[in-house]
Amino acid sequence: MKKTIKDLNIKNKKVLIRCDFNVPIKDGKIIDDNRIVESLPTINYAISQNAKVILFSHLGRVKEANDLSKNDLSPVAIRLSELLDKEVIFINKTRGKALEEAVKNMQSGDVLLVQNTRYEDLEDKKESSNNEALAKYWASLGDVFINDAFGTIHRAHASNVGLASNLENGVGLLVEKELLNLGKLDEPERPYVVILGGAKVSDKIGVIENLVNKADNILIGGGMVFTFLKAQGINVGKSLIDEDNLEFCKEILAKSASKIVLPVDIHVAEEFNDSSFSHIADISEISNEEIGMDIGPDTIEKWKHILQSAKTIVWNGPLGVYEMPKYRTGTSKILEIISSSNAHTVLGGGDIVAAASEAGYKEKVSHASTGGGATLEYLEGKTLPGLDIISKRD
Ligand code: AMP
C-alpha cells in the first residue's frame, strides 16, 4: 500500500498537491466542477493540519501561445474558493518572483493555486517531458508532495513524477479512493462483467487482451463493435470500421468467442446525424448504405440478464453516439440497469461518467472514476508512473 497524506506529518509544512482540475470551461465558465469537488477532501485535510497548501494542476493542452488564455486556470481558483468558503490565492505564473514571494508570505492554512502547469509546455514541453530542472524548481517551493491527480497518474510529468522524485511523498484521498475501488477488480467477485464502448478498437486492445483472461464476459458496443461484427463476416454497411485492427478482432474472437458478447440488433441510420431516417435492424439485416449508431432493444434485454447476475461490473466508453439524444438509449438503459444492481459497479471515467452524471445515475454506482485514460491503463495491467514513484507504507 502506498503512503497517503494521512501517513505523513504535514503540520505547518508547505504541502504541494498535484490536483486534477482539468475541467471543461466554456467562455470562462466551468461547465462541470466534479473534479474540483472530488479534490476537496485532500485539500480540506491539509488545511485542517495547518499546512500551507500549494496546488498544481494542468488544464487542456498548451502547444502554442494562443492556447495560454484558453487554458487559464483562474476560473478554477474562483470556484475552489467558493467550494472551500475561503480565499484561494491565484498566481498567474508557473515560476518566478511573484510565485516565490507569495509562497514565502503564506500563513498556515492558506491555499494557493499555481497557473496551469502546461504553460511550461510552450517551451520544450517542460512539464509533459518531466524536465528535471523544472521539477527541482517546483519542489524547492515546498516540503512534502501529494499526488491527488488520478486523471494523469498514467503520465510521467514534472508536476507528478518529477515532484515525487524530489520530495517526501504520498497520495491524496481521491487517489486512495480510486485505488481502493479499482483494486476490487483485481480479485473480483464473480461473475465479473466488463462493458466496453467508445469509438476506437485501437484504444481498447490492451484492455481486451488483459481482461479476456480475467473477466467472465466482455460486452462490446459503441463505434468499436462494427470492426468485431465485420470480423465475423457480418455486413455493417457504412458503420465505423478500424481496418487496421480487423485481424486483432478476428483473432480474439477465435480465441475467446464464449466470453465476448456482441449486439444482436443495432439502431441504424441513413446518415450520421440526428435527423435522418433510422430504424432497428437485426445484425444480419444491416444494408450497405446504413450506419450503426447505437445498440438495439433486443441487445439491451439480453445484456440486462447478464448484468443482473453480475457481482462485479466495470464500464468504459459509450455504447452509441450518445451526443445525439436519439442514439443515447443504449447507454442510458444500461446505466439504468447497472445503477439498480447490487454488484460492485465501476464507471471508468470520461464520457460514461459525464453521461451518468447528467442522467442522475452517478451516485448510484459504487465508483465513478475521475480518470478515463488512467482507468484503462490500470485495467490493461500497466504500471502507472505517477503512482509507481510514490513511497510505500513501512
Ligand atoms: P471514446 O473517446 O473512445 O470513449 O469514444 C467516445 C465516442 O465514441 C463518442 O464521441 C461517441 O459518439 C462515439 N461512438 C459511440 N458509438 C458510435 C458509433 N456507433 N459510431 C461512431 N461513433 C460512436
Checklist outcome for this item: Amide H contacts under 5 Å for N116, restricted to residues at least 5 apart in sequence or on another chain and with H modeled in the peptide plane, are L73
Checklist entry - From the phi of every residue in region 60-68, what ³J(HN,Hα) in whole Hz does the Karplus formula 6.51 cos²θ - 1.76 cosθ + 1.60 yield, where θ is phi - 60° and glycine or proline is x? => result x, 10, 10, 10, 9, 3, 4, 6, 5
Item to check | Listed peptides 319-330, 19-30 by packing density, highest first (mean Cβ within 10 Å) | outcome: 319-330, 19-30
Next on the checklist: Working only with C-alpha atoms, what are the Rg and Dmax values of the chain, expressed in angstrom?
Outcome noted: 22.6, 70
Next on the checklist: For a protection proxy built on the mean count of beta-carbon atoms within 10 angstrom, sort 383-389, 161-167, 143-149, 307-313 highest first, please.
Outcome noted: 143-149, 161-167, 307-313, 383-389
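Over all directions, the average projected area of the alpha-carbon convex hull for region 184-380 comes to how many nm²?
The directionally averaged projection comes out at 9.7 nm².
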Checklist outcome for this item: Note: E323 to K200 extended length (0.36 nm per residue) minus current alpha-carbon separation gives 42.7 nm
Item to check | Carbon/sulfur fraction of accessible area - region 5-174, other protein chains in place, 1.4 Å, % | outcome: 44 percent
Checklist outcome for this item: Non-local residues with an amide H under 5 Å from the amide H of T345, with H modelled 1.01 Å from N and Pro and chain starts lacking one, are I313, S366, H367
Next on the checklist: Please state the shape class of region 5-174: rounded when a/c is under 1.5, otherwise prolate if a/b exceeds b/c and oblate if not, all from the C-alpha gyration tensor.
Outcome noted: rounded
Checklist entry - Along the charge dipole of the chain, Cβ charges K/R +1 and D/E -1, which of L384, I352, T42 sits furthest on the positive end? => result T42
Checklist entry - So what's the gap between the Cα centers of region 143-211 and region 88-129, to the nearest angstrom? => result 25 Å
Checklist entry - What is the spin-label model distance, in nm, from D27 to E270 if the labels are put 7 Å beyond Cα along the C-beta direction? => result 3.5 nm
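Which percent of the accessible heavy-atom area of region 184-380 goes to carbon and sulfur, probe 1.4 angstrom? Provide the component values of the computation, followed by the final result.
On the way: 3820 of 8240 Å².
Taking all protein chains in place, region 184-380 shows 46 percent carbon and sulfur surface.
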Checklist entry - Based on the alpha-carbon gyration tensor of region 235-310 and its eigenvalue square roots a ≥ b ≥ c, which shape applies: rounded if a/c is under 1.5, prolate if not and a/b is larger than b/c, or oblate? => result oblate
Item to check | Reachable aspartates and glutamates from K200, criterion Cα separation under 13 angstrom, eight or more residues apart if same chain | outcome: D242, E243, D244
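Could you state the accessible area per residue of the chain in Å², with a 1.4 Å probe and every protein chain left in place?
Working: 16900 Å² over 394 residues.
Result: 43 Å² per residue.
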Checklist entry - Amide H to amide H under 5 Å from I195: which residues, 5+ apart in sequence or cross-chain, H placed 1.01 Å off N in plane? => result L219, V314, W315, N316
Checklist entry - With θ set to phi - 60° and the Karplus curve 6.51 cos²θ - 1.76 cosθ + 1.60, what are the ³J(HN,Hα) couplings of region 270-282 in order, to the nearest whole Hz, using x for Gly and Pro? => result 6, 9, 7, 7, 7, 9, 6, 4, 9, 7, 8, 10, 4
Checklist entry - Can you work out ³J(HN,Hα) from phi for every residue in region 207-222, in order, using Karplus 6.51 cos²θ - 1.76 cosθ + 1.60 and θ = phi - 60°, giving whole Hz and x for Gly and Pro? => result 5, 5, 4, 6, 7, 4, 8, 9, 8, 8, 9, 10, 8, 10, x, x
Checklist entry - Within straight cross-link reach of K204, meaning Cα distance under 19 Å, which lysines are found once same-chain residues fewer than 8 apart are removed? => result K214, K230, K250, K255, K259, K382
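What does the highest-first list of 194-206, 97-109, 266-278 look like by mean Cβ count within 10 Å?
Result, highest mean first: 194-206, 266-278, 97-109.
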Checklist outcome for this item: Straight-line reach check, K2, cutoff 16 Å on alpha carbons, 8 or more apart in-chain or any other chain, hits among aspartates and glutamates -> D148, E168, E176, E178, D388, D394
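The values are calculated or read from the model by the stated rules, or taken from the named source; none is laboratory data. On a predicted model such as this, the values are computed, not experimentally measured, just so you know. Cβ sites come from the backbone with ideal geometry, for glycine too, and all protein chains shown count toward neighbours. Each accessible area value is taken on the protein alone, full model and side chains, heavy atoms only, with ligands, DNA and RNA left out. Shrake-Rupley method; radii C 1.70, N 1.55, O 1.52, S 1.80 Å.
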